[in-house]
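Beneath this line is the structure, given in structure tokens, with notes to follow.
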Amino acid sequence: MQPGYPPQQPPVNNNMTMSIVAIFLFWPLAIPAIINASKVNPLLQQGDYAGAQAAAAESRKWSKWALIVGISWYVIAILCCALGGLGAIMSGDNSTY
């Protein structure tokens, strides 16, 4: 290490990819994820490594919640449709209009 240069910090993952994927599953929670992900690189350029890590952690948290809620919502919807169709078949309801 040369004198006069600060130690090199490891890169911080801004989680933008996960945030963008999350917006297709449950956008209300993905918006704060994208906002926080977009703060990481400017904070690193300003030298605020701790702030960049905090923004990345917030982005990761919101993205994970958006993914969990979105995937759960789709699974519940598919199950309801499948069980509703199965119920119609089992009841023998073959009426036509």
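The values are calculated or read from the model by the stated rules, or taken from the named source; none is laboratory data. Here the structure is a predicted model, which means the values were calculated and not measured. FYI the Cβ positions are ideal-geometry reconstructions off the backbone, even for glycines, and counts take in every protein chain you see.
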* Go through the stretch 69-87 residue by residue and tally those that are at pLDDT 95 or above, surrounded by fewer than 16 Cβ atoms within 10 Å (Cβ to Cβ) and not hydrophobic (A, V, I, L, M, F, W, C). => 1
* Structure fact -> So, first residue crowded, with 18+ Cβ neighbours inside 10 Å in the stretch 57-68, second residue aromatic (Phe, Trp, Tyr), Cβ within less than 8 Å, six or more apart or across chains; the pairs are ALA66/PHE26; ALA66/TRP27; LEU67/PHE26
* How about the stretch 4-49: which of its residues are outside any helix (DSSP H, G or I) and either at positive phi or touching a Gly at 6+ places or on another chain (Cβ under 6 Å) (or both)? -> GLY4, ASN15, PHE26, GLY47
